[in-house]
Amino acid sequence: MMKRKSIFVFFCIALSAVFASCAGKSGTSVYKFDFPKMDITRAEGESEAVKTEKRCLPKEPVQGEVRMYVEELLLGPESSRLLPIFSLDATVDFCFMQGDDLYLGISESSVYNLGADVDIQSRIELLESNIHKNFKNIGQILLFIGDNFVMNKS
C-alpha cells in the first residue's frame, strides 16, 4: 500500500511540473497540436484518429506567431506513437497575413515519403484545423505546396 501511495505522489508531482512548466514562464504561450495516431487497424475510407499535444512556445517570436506555430507543427509530434502531418523535411517557404487571410507556402518535399495509404487531403484539412484552433483571427487559409496553389475541398 505504501508503494502505491509513493507512486501516486510521484505521479502527481510529475504532472504538476509539466503543467507548471509553461505557467511560470511569462514569455510563453501554450499551443495545441493535433497529429494523426499511428493506427494500422483503420478501415479504408475511415478518417484518421488524432491526438492533441500541448507545447509552450515564445509569445513574441521573431518570425511571427503563425509562422512559428506552422514550423513547429511541421517538425512533427513529440510522441513516437503519433505521425507527422507531412514529411519531416517539410519547411515553410512563406507565411503572411493579408487582411484575415493567411497565405502559407510549404515546401514541395512535404508530400514526399508519406506512403501510399496517406490521404493528402485529410492531412491538409488537419493542418488547417490546427491553425484555426490556435488562431481564431484567421479566416481563409490559402495553401501553396511548392509553387502550386492547393484548393481545399471542404
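Of the residues making up segment 60-91, those that are open to solvent by less than 50 Å² (accessible area, probe 1.4 Å) and touching a Ser or Thr at 6+ places or on another chain (Cβ under 8 Å) are Leu74, Phe86, Ser87, Ala90. Cβ-Cβ contacts under 8 Å between residues 6 or more apart (or on different chains), taken from a first residue in segment 123-137 that is closer than 17 Å to Phe86 by Cβ to a second residue that is open to solvent by 20 Å² or more (accessible area, probe 1.4 Å) and basic (Lys, Arg), are listed as Asn130/Lys32. Does segment 109-121 hold any residues that are loosely packed, with under 15 Cβ neighbours inside 10 Å and on the phi < 0 side of the Ramachandran plot, and which are they? Hits for segment 109-121 are Tyr112, Ala116, Asp117, Asp119, Ile120, Gln121. Residue under question is Val150, and the condition is that it be among the aliphatic types (A, V, I, L, M), open to solvent by less than 70 Å² (accessible area, probe 1.4 Å) and in contact with a Leu (Cβ under 9 Å, 6 or more places away or on another chain); does it hold? Taking the combined requirement at face value, the residue satisfies it.
Of the strands (runs of 3 or more DSSP E) lying entirely inside segment 27-114, those carrying at least 2 residues that are modelled with pLDDT of 90 or more and basic (Lys, Arg) are 50-58.
The values are calculated or read from the model by the stated rules, or taken from the named source; none is laboratory data. Computed from a predicted structure; not experimentally measured. Methodologically, a virtual Cβ is constructed for each residue, glycine included, from the backbone with ideal geometry; neighbour enumeration extends over all protein chains shown. Each accessible area value is taken on the protein alone, full model and side chains, heavy atoms only, with ligands, DNA and RNA left out. Shrake-Rupley method; radii C 1.70, N 1.55, O 1.52, S 1.80 Å.
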